[in-house]
Amino acid sequence: MPIVCNELLGRELLKIYQDTDGFNFSIDSMLLADFAPILARTKRICDLCSGNAPIPLYLSLRTKAEIYGVEVLEHSFDLANRSILENKLENQIKIINRNLIDCHKELGIHSFDLVTCNPPFFKIGDNNINPNDLKAVARHEILATLDDIIKEASLLLNSKGRFAMVHRPDRLVEILDTMRKYRIEPKRIRFVYPKIGSDCNHILIEGIKDGSKNGLNILPPLFVYGDNGKWTEEILKIYNYEGK
């Protein structure tokens with residue numbers, strides 16, 4: 001398995017180790033890391049389905065909060081730790097190698113201010129499963145379902161803590177229902193489009209644990225590519241992180 005060390009962003013801020021034969025992080029992780037709410041009270045963050053840790057790494061640019069990641073695949077876990085050491089972030093980021101189900105028993109129930117997740121998008125049977133096991137687990141709900149993920153997020157979050165996730169628009173109704181099932185009230189949604197005139201292919205959603213049932217904010221659409229086929233200014237700002 002060829003391992004390479006790339007820049008995480010468009011500037012020489014962070015490095016990330018990747019397996020060129022495995023499931024590498026993509027733009028949806030960067031969009032989520034930018035979208036996730038960082039508040040003055042945000043002291044502990046947990047990222048579920050961390051992979052090789054692109055979201056914890058990006059979040060380290062936005063906050064000094066303690067960041068935990070949970071990743072079930074040992075190979076991705078090893079790459080994440082190599083990246084953390086490469087960037088000298090071992091005092092801020094810690095990755096746990098385990099299934100996310102019941103991880104609150106290890107990390108602490110109701111002890112996080114923010115939980116993020118870029119989960120497997122597909123149910124078993126919805127798409128052909130990749131014969132590469134690493135990619136299959138990253139793309140399909142083999143080891144944890146949407147219900148498992150949102151339930152665990154609720155158990156990790158303290159009251160009024162925030163949950164932020166990226167997913168596919170065709171599962172939006174299921175996501176909203178499941179969030180409410182576990183007392184996470186949807187508060188912000190942003191629809192992501194490859195370009196103007198195309199169908200939405202991702203959604204970014206934020207909810208508040210024990211939040212009021214009043215007020216769901218639909219943000220302006222986010223377009224990845226402009227008419228010239230190049231990234232839009234907003235995407236460039238995300239990838240050329242300048243701080244907020």
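The values are calculated or read from the model by the stated rules, or taken from the named source; none is laboratory data. The structure presented is a predicted model; accordingly, all values stated were derived computationally and were not measured. Using ideal geometry, Cβ is built from the backbone for each residue, glycine included, and neighbour counts are taken over all protein chains shown. For the accessible areas, the whole protein counts, side chains as well, though only heavy atoms, and no ligand, DNA or RNA atoms are used. Shrake-Rupley method; radii C 1.70, N 1.55, O 1.52, S 1.80 Å.
Overview of results
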{"quantity": "Selected residue [small (Gly, Ala, Ser), open to solvent by 50 Å² or more (accessible area, probe 1.4 Å) and over 19 Å from Ser29 (Cβ atoms)] from Gly211, Gly197", "calculated": "Gly197"}
{"quantity": "Answer from Asp199, Asp227 - the residue that is at pLDDT below 95 and either at positive phi or part of a loop (DSSP other than H, G, I, E, B) (or both)", "calculated": "Asp227"}
{"quantity": "Output for segment 63-76, where each listed residue is buried (at least 16 other Cβ atoms within 10 Å of the Cβ) and at pLDDT 95 or above", "calculated": "Thr63, Ala65, Glu66, Ile67, Tyr68, Gly69, Val70, Glu71"}
{"quantity": "Verdict on Ile205 being of a type in the set (A, V, I, L, M, F, W, C) and either in a strand (DSSP E or B) or surrounded by fewer than 19 Cβ atoms within 10 Å (Cβ to Cβ) (or both)", "calculated": "yes"}
{"quantity": "Meets criteria (surrounded by 19 or more Cβ atoms within 10 Å (Cβ to Cβ) and either without any contact (Cβ under 8 Å) to a residue 24 or more places away in the chain or under 21 Å from Leu155 (Cα atoms) (or both)) for Leu100", "calculated": "yes"}
{"quantity": "Which numbered condition Cys49 misses (of (1) open to solvent by less than 10 Å² (accessible area, probe 1.4 Å); (2) touching a strand residue (DSSP E or B) at 6+ places or on another chain (Cβ under 8 Å))", "calculated": "(1)"}
{"quantity": "Residue in segment 207-242 that is nearest to Phe112 (Cα to Cα), counting only those that are more than 22 Å from the chain's Cα centre (by Cα) and among the polar types (S, T, N, Q)", "calculated": "Ser212"}
